[in-house]
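Peer 1: Sharing a structure below in structure tokens format, with a few things to ask.
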Amino acid sequence: MRIIGGKYGGRQIQSPKGLPVRPTTDRTKEALFNILQHRIYWEECKVLDLFSGTGNISLECLSRGAMDVVSVDRERKCIEALKKAKMELGIKKGQEIRSDVVKYLRQTTEKFDFIFMDPPYAMKGQESMVETILQNPLLEEDGLLVVEHASQNDFSGMNSFESVRKYGSSSLSFFSLS
């Protein structure tokens with residue numbers, strides 16, 4: 001896995017073997033950040049990365065200058081891998097939270113400009129998590145929520161749905177409050 005753009009663009013990130021993750025592919029990540037470059041001013045952006053896994057998306061946001069990134073995952077090894085990658089790159093910003101994502105969403109009162117959610121594709125209750133994010137509200141008024149999911153899932157009937165982009169078996173659904 002590699003960081004595509006920003007200060008650490010081109011750097012390879014080694015994650016430990018055996019992590020229970022499915023990292024966002026470089027193709028999907030590159031497409032996502034091409035879309036985001038026209039919508040997000042990174043230096044003023046507070047990011048929430050849910051089901052952060054290896055920290056692939058968190059590191060990309062930090063590399064592009066995000067003001068703050070909160071990475072949430074319940075797996076201790078994933079949180080440790082992200083902390084190690086940040087240390088190797090010399091990144092001091094951001095925070096890693098080891099927690100169940102549903103529990104975190106119920107408890108947090110923070111607001112974010114960009115939320116990325118990449119749950120296990122077979123996980124039940126994804127629509128409910130999207131509703132929680134949009135209704136609580138955890139998203140700033142002009143913020144953006146992006147959900148990576150299996151292409152057969154359809155979020156288009158949900159409130160605040162904006163668009164979907166398909167990349168083979170993976171899709172990105174975009175939601176905004178504006």
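The values are calculated or read from the model by the stated rules, or taken from the named source; none is laboratory data. A quick note: this is a predicted structure, and the numbers were derived from the prediction, not measured. Positions of Cβ are generated from backbone atoms using ideal geometry, with glycine treated the same way; all protein chains shown enter the neighbour counts.
Peer 1: Is it true that Lys93 is surrounded by fewer than 23 Cβ atoms within 10 Å (Cβ to Cβ) and assigned to a helix (DSSP H, G or I)?
Peer 2: no
Peer 1: For the subset of segment 6-32 comprising residues that are closer than 18 Å to Ser170 by Cα and buried (at least 19 other Cβ atoms within 10 Å of the Cβ), which member is modelled with the lowest pLDDT?
Peer 2: Going through the qualifying residues, I end up with Val21.
Peer 1: Oh, and also: Hey, does segment 150-159 have a residue that's in contact with a Leu (Cβ under 9 Å, 6 or more places away or on another chain) and surrounded by fewer than 16 Cβ atoms within 10 Å (Cβ to Cβ)? Lay out the reasoning, then the answer.
Peer 2: The initial filter retains those residues of segment 150-159 that are in contact with a Leu (Cβ under 9 Å, 6 or more places away or on another chain), namely 158-159.
Applying the additional criterion that residues be surrounded by fewer than 16 Cβ atoms within 10 Å (Cβ to Cβ) yields 158-159.
Among the residues of segment 150-159, at least one is in contact with a Leu (Cβ under 9 Å, 6 or more places away or on another chain) and surrounded by fewer than 16 Cβ atoms within 10 Å (Cβ to Cβ), which makes the answer yes.
Peer 1: Can we say Asp49 is farther than 17 Å from Asp113 by Cα, out of contact with any Lys or Arg (no Cβ under 6 Å at 6 or more places or on another chain) and in contact (Cβ under 8 Å) with a residue 12 or more places away in the chain?
Peer 2: Values: farther than 17 Å from Asp113 by Cα: no; out of contact with any Lys or Arg (no Cβ under 6 Å at 6 or more places or on another chain): yes; in contact (Cβ under 8 Å) with a residue 12 or more places away in the chain: yes.
For Asp49, the condition - farther than 17 Å from Asp113 by Cα, out of contact with any Lys or Arg (no Cβ under 6 Å at 6 or more places or on another chain) and in contact (Cβ under 8 Å) with a residue 12 or more places away in the chain - is not met.
Peer 1: Does Ile3 count as modelled with pLDDT under 95, of a type outside the set (Lys, Arg) and either in contact with a Pro (Cβ under 7 Å, 6 or more places away or on another chain) or under 27 Å from Glu140 (Cα atoms) (or both)?
Peer 2: Against the criterion (modelled with pLDDT under 95, of a type outside the set (Lys, Arg) and either in contact with a Pro (Cβ under 7 Å, 6 or more places away or on another chain) or under 27 Å from Glu140 (Cα atoms) (or both)), Ile3 qualifies.
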